[in-house]
Amino acid sequence: MQKKYTKEIELFFTGLLLWFGIKRIIKGKSKLSRQEWNEYFYGHWNFSGEKQDKHLAPFPEELPKRLIKMFSFVDDTVLDPFLGSGTTSVAAMKLARNSIGYEINAGYLPTIEKRLKDKTSIFEQQAEIEIGQQEKPASSFEKEIQNLPYIFTDHVAFERKVDPKVLNFGSKIDHCRTSRIRDYTVDKVVSPSKLILSKS
């Protein structure tokens with residue numbers, strides 16, 4: 001009985017040491033050089049921009065590369081909820097990180113797929129790239145909202161059809177304000193949607 005527990009404890013500590021050894025190796029692979037540390041944690045970053053090609057607002061690969069190196073380890077997973085043209089996933093792949101990205105604009109999928117496949121070569125690690133599209137839900141959101149246990153309804157009925165141009169709201173910048181607005185004060189609150197204003 002004593003030997004059985006001794007063997008289990010020995011296996012547990014061997015596994016623990018192996019796990020810590022692997023973590024140490026991963027941290028070693030992920031370590032920033034002194035120059036990278038000084039450059040990345042400095043208050044200002046200077047690097048060139050990205051050419052606006054097939055996407056409205058691309059950012060340079062250097063930006064996600066620095067952030068990924070600063071805040072993740074090798075084999076970690078990087079999440080990009082706004083994938084765009086796939087720059088973050090490309091940077092993660094080059095830095096031996098896993099990557100998950102979401103993009104609601106289906107028009108960018110060919111660009112993302114091309115960028116990811118172009119960056120994978122036989123000389124780099126073999127990367128598994130999977131691109132999928134979410135199916136449209138069968139039911140409408142309005143029906144789903146009605147099935148929720150709590151539905152917020154605003155009981156205060158304000159008059160929301162106010163035209164700012166009629167009330168002469170304007171700006172000093174665009175010189176739209178034509179005359180001074182007459183100011184009123186509240187004499188009495190009748191209800192949440194009704195006020196009695198002063199006549200002066």
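What follows is calculated from the coordinates using simple rules that are stated; it is not laboratory data. From a predicted model like this one, the values you see are computed outputs, not experimental measurements.
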Quiz item: Check residue 99: other-chain or 5+ apart residues with amide H under 5 Å from its amide H, H built from backbone geometry?
Solution: 78
Practice problem: Measure up 23/65; 114/136; 143/188; 23/51; 31/136 against 32 Å on the Cα-Cα distance and list the ones that go over. | Solution: 143/188; 23/51; 31/136
